[in-house]
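Beneath this line is the structure, given in structure tokens, with notes to follow.
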Amino acid sequence: MQNTQIEKAIAWNPWHGCKKISQGCKNCFVFNMDKRYGRDTNIITKGKTTYELKDSKCPPNSLIKLCFSSDFFIEDADEWRDGCWDFIRRRKDCIFVLTTKRPERIKDCVPSDWGEGWENVYMSVSIENQEMADIRLKHFLEAPVKHREVFCSPLIGPISIGKYLDTGLIKCVNVGGEMAPKKDVRPIEYEWVKNLYLEAKERNIEFYFHQSGSMFLRDGKNIGKWKLKEQIECAEEIQKELENSF
Ligand code: SF4
């Protein structure tokens, strides 16, 4: 997504907690974070202080990313979602970004005046391997969404999504590796990233490799990094290299 006019980036977590639904969830950071505090992530709770977002915190042209510590379309939040839609409907001067692993629920969870989607809402579906790409992208493309992005993260296997990109309905492809302790982390491979880059480039679709992950294999060697900052730098270097090579 192009963010040249964004004044402020804001994280909005109206509820907390989630349930693991596929391999991509195995090392979910929300579960890892909650474990440290003895909290049960499987219990979804409405945020006492975070459910309502104050207008005063959102200047015009804010970029508001929802549900870092949950999934916006999780069943347990069905009673609470309308309050979020009310805010999103009213603040057409801001951009809202929703990421989900449950795109099959989108059509039943949008408000009655949603139509084909609101101009100020970007939705992103998260996929980790070919199986999930084929299941989730089918639902995602059928759902009424104005701006669609794909998040191949954590990428744990080779994916080809060319036929989904050919629909012209996906505006951006993001790719990232997994950040997890050595004993648990699953590798991402350079060739997988390159193939997704080429699939996006051939169709003139935006592409971002945003994070190398803790184990990034290139020519059989792990060039992944431990710290997030280093993972971002590593991914930026690879992206530049791809842009210069192809
Ligand atoms: S859907 Fe997202 S937030 Fe929920 S368990 Fe999976 S990775 Fe974690």
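Among C28, C152, sorting on how many other beta-carbon atoms sit within 10 Å of each Cβ, with the fewest leading, yields C28, C152.
Report, to the nearest 10°, how far helix 130-142 tilts away from the longest principal axis of the Cα atoms in the chain, using its own Cα long axis and a range of 0 to 90°. Taking Cα atoms only, the helix is inclined about 40 degrees. Cross-link partners of K92 among aspartates and glutamates, defined as those whose alpha carbon lies under 15 angstrom from its own and excluding same-chain residues fewer than eight positions apart: E7, D55, D113, E119. In plain terms, the residue of F96, F68 with the fewest other Cβ atoms within 10 Å comes first and the most crowded comes last, giving F68, F96. For K163, list the aspartates and glutamates whose Cα falls under 18 Å from its own Cα; do not include residues on the same chain fewer than 8 positions away. Of all the aspartates and glutamates, those that pass the test against K163 - Cα under 18 Å, at least 8 places apart if same chain - are E128, E131, D134, E142, E149, E199, E202, E206. Over the residues of the chain, the helix contribution to mean residue ellipticity at 222 nm works out to -8500 deg cm²/dmol, using -39500 (n - 2.57) for each DSSP H run of at least 4. Comparing E75, E149, E178 in a Gaussian network model of the chain where C-alpha atoms under 10 Å apart are linked, the largest mean-square fluctuation is found at E75. For the chain, the longest principal axis of the C-alpha atoms and the axis of helix 190-202 are separated by about 70°.
Expressed as an acute angle from 0 to 90° and rounded to the nearest 10, what is the orientation of the C-alpha long axis of helix 228-245 relative to the principal long axis of the chain? The two axes meet at around 60 degrees.
For a distance above 18 Å, tell me the whole-number percent of Cα pairs in the stretch 153-246 that qualify. Every Cα pair in the stretch 153-246 considered, those over 18 Å come to 41 percent. Among the listed pairs K107/K240; K57/K201; K54/K146; K35/K240; K26/K229, a Cα-Cα separation exceeding 28 Å is found for K107/K240; K57/K201; K35/K240.
Only beta bridges with both residues in the stretch 93-246 are counted; by DSSP, about 10 percent of them are antiparallel.
Classify the stretch 20-142 as rounded, prolate or oblate, taking a ≥ b ≥ c as the square roots of the eigenvalues of its Cα gyration tensor: rounded when a/c is under 1.5, otherwise prolate if a/b is larger than b/c and oblate if not. It is oblate, given that a/c is not under 1.5 and a/b is not larger than b/c.
Ordered by the count of other Cβ atoms within 10 Å of each Cβ, fewest first, Y197, Y37 give Y37, Y197.
Measuring nothing but how far apart in sequence close Cα pairs (under 8 Å, 6+ apart) lie, relative to its length, the stretch 153-246 scores a relative contact order of 28 percent. Kirkwood radius and radius of gyration were both taken over the C-alpha atoms of the stretch 134-184, and their ratio Rg/Rh is 1.05. Ratio of Rg to Rh for the chain: 0.95 [Cα atoms; Kirkwood radius as inverse mean 1/r over pairs].
Taken one residue at a time, the phi angles of the stretch 150-166 give Karplus couplings (6.51, -1.76, 1.60, θ = phi - 60°) of 10, 10, 8, 6, x, 6, 10, x, x, 10, 10, 10, x, 5, 7, 5, 4 Hz. Gly and Pro are set to x. Over all other residues within a Cβ to Cβ distance under 12 Å of P144, the charged ones net out to -1, with Lys and Arg as +1 and Asp and Glu as -1.
Laboratory data are not the source of any read-out in this text; all were calculated from the coordinates shown. A quick note: this is a predicted structure, and the numbers were derived from the prediction, not measured. Don't worry about glycine lacking a Cβ; one is built from the backbone with ideal geometry, like all the others, and counts go over all protein chains shown.
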